[in-house]
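Encoded as structure tokens, the structure appears first; notes follow it.
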Amino acid sequence: MARTPLDRLGGILIDPDLLDWQRGLRAQFPLIAGRPDVAYLDSAATSQKPQAVLDAVHHYLTTGNANAGRGTYTWANETTAMVERTRDRIKRFLGDPEPAASGVHFTSGTSQGLRVVALDWLPELLRDGDEIIVPFADHRANADPWLEAQQLLARQGVTIRVHPLPYEADSHDYDQAALARLVNERTRFVAATHVHHVYGNDMNVHRIREVVGPAVPICLDAAQSIGHLPVSVADLDVDFVVFSGHKALALPGTGAVWSRDLRGPRLRPGGWAGTPNTAGIASLHAALDWLDNAGLDRIEQWTLALSARLTDGLSRLEPYEVLGCQASLTADSQVQRRHSLVTFRHRSISSNDLGFILDSHGVMVRADGHCQGGQGEQETSVRASLHVYNTPAEIDRLLTALAELR
Ligand code: PLP
């Protein structure tokens with residue numbers, strides 16, 4: 001298989017400085033750097049952690065571990081201050097133009113965050129006869145909770161209508177024209193996803209605001225964009241950003257909901273939250289520092305280029321079908337759309353088998369249904385997902401293993 005040289009990855013010209021930059025960053029991930037025999041291509045499920053994040057957790061647990069928001073002694077106060085600093089850090093990371101007016105609520109990940117918005121905030125917003133628009137062909141974490149909210153309200157005698165957010169068949173983007181036809185004076189809320197977890201495309205959510213107007217709150221599932229590309233709440237003009245810290249280099253069991261708190265009621269998560277995951281929160285602060293220092297523009301450039309190399313390679317292997325936008329399959333396509341993940345199927349080998357076979361080649365990918373919502377892909381597939389630590393050699397290793405299966 002003819003491969004493009006390292007300075008051109010999938011049609012994208014790579015600055016030689018970027019290659020050096022990436023080498024330096026990869027070396028900071030102990031599990032990755034210590035295992036050159038394997039290729040970890042499942043970062044969309046969870047990411048690996050740089051030494052700086054591990055050090056921050058070690059530092060926290062060995063210098064002042066205590067509970068937060070309770071207790072008046074030094075370690076407790078320091079922990080409370082660390083949690084507050086992390087809230088501010090998240091706001092800065094998201095380019096929040098009005099940090100004094102917004103809020104940050106810590107969660108275990110995106111699924112829990114979306115349920116908080118759906119069950120603790122949305123019911124307060126909605127009245128009988130109101131309508132909401134939500135994505136049923138994205139991750140089920142961004143579909144199920146809205147239906148649960150509908151059922152919760154129905155038990156209180158409040159009927160709301162839930163419309164599926166429409167998609168364009170070819171690009172897999174949201175269909176803005178069809179969305180415009182759905183929106184009416186009863187539309188109170190839209191949920192969307194920033195980067196699709198199966199197709200890898202940016203869903204152009206900035207266009208949703210243009211369609212729904214200034215008053216409708218928008219909730220963004222940013223599980224696959226935070227840590228991969230710059231995410232600016234000012235540019236996107238959304239009201240919630242929900243993400244998983246563990247997919248953005250922080251510890252497992254971390255995530256957050258950022259809420260603008262200007263359209264509709266303030267987000268006040270219900271019930272007694274109990275002890276926060278303080279070590280995880282410390283790791284999230286360190287992870288966001290690490291990502292900002294590395295540079296999200298460059299991380300995006302790198303993973304887009306690797307995804308383009310993989311997409312291009314797969315499109316040349318006859319038995320494979322790449323899922324998602326078909327206009328961006330080749331290296332010289334102007335549409336380099338896959339952010340950090342590429343999903344495919346073999347025309348005759350089952351995706352589960354393919355997952356096992358790739359594992360035996362030291363390539364770790366996700367092979368299943370990818371937790372899709374009810375209107376998503378019905379058949380299983382293989383997803384290779386990347387982060388800044390992945391290399392062109394790992395992409396080629398995957399492609400070579402796949403080519404041998406022809
Ligand atoms: N939303 C999207 C787009 C995802 O890719 C994922 C991750 O699998 C989730 C939500 C759920 O994230 P978590 O497992 O961290 O709750």
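The values are calculated or read from the model by the stated rules, or taken from the named source; none is laboratory data. Since we're looking at a predicted model, the values are computed, not measured. Using ideal geometry, Cβ is built from the backbone for each residue, glycine included, and neighbour counts are taken over all protein chains shown. Calculation scope for accessible area: heavy atoms of the full protein, side chains included, ligands and nucleic acids excluded. Shrake-Rupley method; radii C 1.70, N 1.55, O 1.52, S 1.80 Å.
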All but one of (1) over 30 Å from Asp359 (Cβ atoms); (2) surrounded by 13 or more Cβ atoms within 10 Å (Cβ to Cβ); (3) modelled with pLDDT of 95 or more hold for Thr63; state the number of the condition that does not hold.
(2)
Which condition number does Asp170 fail, the rest of (1) in a loop (DSSP other than H, G, I, E, B); (2) more than 30 Å from Ala250 (Cβ to Cβ); (3) open to solvent by 40 Å² or more (accessible area, probe 1.4 Å); (4) without any contact (Cβ under 8 Å) to a residue 60 or more places away in the chain being met?
(4)
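May I ask you to verify whether His246 is under 22 Å from Tyr199 (Cα atoms) and open to solvent by 20 Å² or more (accessible area, probe 1.4 Å)?
yes
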Does Pro276 count as of a type outside the set (Phe, Trp, Tyr), open to solvent by 10 Å² or more (accessible area, probe 1.4 Å), in contact with an Asp or Glu (Cβ under 7 Å, 6 or more places away or on another chain) and under 30 Å from Leu126 (Cβ atoms)?
no
Find all pairs meeting these conditions: Cβ atoms under 8 angstrom apart; at least six residues apart or on different chains; first residue within region 134-148 and outside any loop (DSSP other than H, G, I, E, B); second residue among the acidic types (Asp, Glu) and within 13 Å of the ligand (Cβ to nearest atom).
His139/Asp221; Ala141/Asp221; Asn142/Asp221
Among the residues listed as Asp144, Asp138, the single one being within 12 Å of the ligand (Cβ to nearest atom), open to solvent by less than 10 Å² (accessible area, probe 1.4 Å) and charged (D, E, K, R)
Asp138
Quick one: is Leu304 open to solvent by 10 Å² or more (accessible area, probe 1.4 Å) and either charged (D, E, K, R) or not in a strand (DSSP E or B) (or both)?
yes
Residues that are more than 30 Å from Val382 (Cα to Cα) and of a type in the set (Ser, Thr, Tyr), drawn from region 181-231
Thr187
Selection status of Asp235, part of a loop (DSSP other than H, G, I, E, B), touching a residue at least 60 places away in the same chain (Cβ under 8 Å), in contact with a Gly (Cβ under 8 Å, 6 or more places away or on another chain) and acidic (Asp, Glu)
no
Given region 336-406, what strands (runs of 3 or more DSSP E) lie entirely inside it while holding 1 or more residues that are modelled with pLDDT under 95 and within 16 Å of the ligand (Cβ to nearest atom)?
366-368
Any idea which residue in region 183-220 is farthest from the ligand (Cβ to nearest atom), counting only those that are among the charged types (D, E, K, R) and assigned to a strand (DSSP E or B)?
Arg188
